[in-house]
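Read the structure below first, then the notes.
What follows draws every value from the coordinates through simple rules; no lab data is involved. Quantities reported herein were computed from a predicted structural model and do not represent experimental measurements. With ideal geometry, Cβ positions are generated from the backbone for all residues, glycine too; neighbour counts draw on all protein chains shown.
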Amino acid sequence: MIAGQGDSVGDPVGSGIVLAVAFAYFLCGCVALAAQGASLLALHAFAAFVVLSVVSASNQLVPVLTGARPLPPRGVLTMAAPFAAGFALLLAAFAGAGGLFPAAGILLLAGAALWSVWTVARIARAPLEGQTRAAVTIAAAAFLVAAGLGAAMALALGGRAAPGLLALAPAHASLAVVAFASTLIVAISYRFVPMFALAHTDEGRWTRSAQWLVAGAGVLGAAAAAWPAWQRAAFALAVVAALAAMAVHLRTLRARLRKRLDVSLRYAAAAWVSAVAAGLCAVAATWRPGAGSSAVALAVLGWLALSIIGYAFKIVGFLAWEHARRVAPDASLPPLGEAVPMRAANAALALLAVGALAVAAALGAAPGLLRSAAAVYAAGGVSAVVILWSVAWRYVGARA
Amino acid sequence: MNEIRLDNRGLHPPEPMIRILTALDAMTGPGVLTALLDREPRFLFPELEARGLTYTCVREEVGYALRVERGA
């Protein structure tokens, strides 16, 4: 069997290594959440997980979908290095080494500028997927602005700028969580859901409206951070976007050719419900600010993390399979369709989904239960990472 | 000997994969399927291997050319 015959668009090693670093940050976030409860350290460990997952995935998926050229392994590692180092400094700063805030902010801004410019430059000349390329461009611009606001706040936290800059936090969060990460996941899901379900695609004029709604909601939420009525409109728009995306995906799933629902899509379904709940909590927070923490928990632990982990169940096995096929072209590899142990993956999903919901509920109504809720989530997170590692090792360890 | 030719250019994923797998599953006996595609069908390769099929995929001036062989 000859995979790609030397014409394959990318060597998956670089993306695989970056994804492994992303999951190390995810574990760090789980541990911090269980040990300390809700903290900026835990939140930014999860942010590192999201950002590095995007860097990893975009090097493989954007080229596959759009026809753009991917980076070789060394290139994607270089692109990810400022984020890996910058977030390490940021977490150390939140852990007590406050003098590291300015360096962390500047490093992360430099990384964001490098990644955003490179991403937009290469997809601008790509021949396919105009709507996906437009969504990625908007997300990259939002990411760059979010990193700029983050760097300003890091300078303020490090005593190098006015403390008043910390008021930028809601705008930073809206751009990072909604306009950047959510827009990308919504856009990519229009391809992943039918691919993983093996379903015919019927793309009409309004099919991809959710990606524009969520991008608009993120930008409006950031621009109107000081005006509750406009923020309410932005988060209501995000809820509409989540419902619109869910409606399209449910229609796709009803027409799927694979009878058994793929593990990635089970996680995605839980993520969509979390997205709607997060949006509703964000709307409520414009009247009752206490609900804001619950909204962030549902958005990050539920929507973003479950989407990424779910898709990773498919992508990690696939990248490891591709690597094994390159290293050992004649090796007998286990079928990818049976790579993920379904019972264990479902159990991890139950722990993660219940944990995310419980953390959000505890933050809003029962702070005494927060650590227990966080422990449930962390148990699910550790289980998911162990399963992903075992899936990858089945292929990486294969030899002819 | 079956011979199937597909032009999957202009189709969004996963339509090319569905069309190729459907054609291969309907093929009785040995045969060859060739397909033209806009994108390298990377998610298709493990599916082909799981079916015990041999394949090559080559980048061309515009898109990719896939050739799948089914034995007896």
Legend entry - Conditions (1) in contact with a Ser or Thr (Cβ under 6 Å, 6 or more places away or on another chain); (2) within 13 Å of A:Val219 (Cα to Cα); number of the one not met by A:Ala146: (1)
Inset, instruction - Determine whether the range A:168-187 contains at least one residue that is within 14 Å of another protein chain (Cβ to nearest Cβ) and either over 16 Å from the mean Cα position of the chain (by Cα) or surrounded by 17 or more Cβ atoms within 10 Å (Cβ to Cβ) (or both). - result: yes
Inset, instruction - Kindly check whether there is at least one residue in the range A:200-207 that is touching a strand residue (DSSP E or B) at 6+ places or on another chain (Cβ under 6 Å) and either closer than 27 Å to A:Arg251 by Cα or surrounded by fewer than 18 Cβ atoms within 10 Å (Cβ to Cβ) (or both). - result: no
Legend entry - Selection count, the range A:205-229, where residues are under 24 Å from A:Leu261 (Cβ atoms) and either more than 16 Å from the chain's Cα centre (by Cα) or not in a helix (DSSP H, G or I) (or both): 3
Legend entry - Number of the exception - A:Arg69 against (1) crowded, with 18+ Cβ neighbours inside 10 Å; (2) on the phi < 0 side of the Ramachandran plot; (3) in contact (Cβ under 8 Å) with a residue 60 or more places away in the chain: (1)
Inset, instruction - Scan B:Arg19, B:Arg59, B:Arg42 and give me the residue that is over 12 Å from the mean Cα position of the chain (by Cα) and closer than 27 Å to A:Tyr190 by Cβ. - result: B:Arg59
Inset, instruction - Collect the residues in the range A:218-272 that are of a type in the set (Phe, Trp, Tyr) and touching a residue at least 40 places away in the same chain (Cβ under 8 Å), keeping them in residue-number order. - result: A:Phe235, A:Tyr267
Legend entry - Listing of strands (runs of 3 or more DSSP E) fully contained in chain B that carry 1 or more residues being within 12 Å of another protein chain (Cβ to nearest Cβ) and either touching a helix residue (DSSP H, G or I) at 6+ places or on another chain (Cβ under 7 Å) or within 22 Å of A:Ala199 (Cα to Cα) (or both): B:31-37, B:54-59, B:64-70
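Quick grid of which residues meet (1) more than 24 Å from A:Leu19 (Cβ to Cβ); (2) in a helix (DSSP H, G or I); (3) more than 14 Å from chain B (Cβ to nearest Cβ):
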position: A:Leu306; (1), (2), (3): no, yes, yes
position: A:Phe318; (1), (2), (3): no, yes, no
position: A:Pro334; (1), (2), (3): no, no, no
position: A:Asn346; (1), (2), (3): no, yes, yes
position: A:Val359; (1), (2), (3): yes, yes, yes
Legend entry - Conditions (1) away from chain B (no Cβ under 14 Å); (2) more than 16 Å from A:Trp303 (Cα to Cα); (3) small (Gly, Ala, Ser): number failed by A:Ala255: (1)
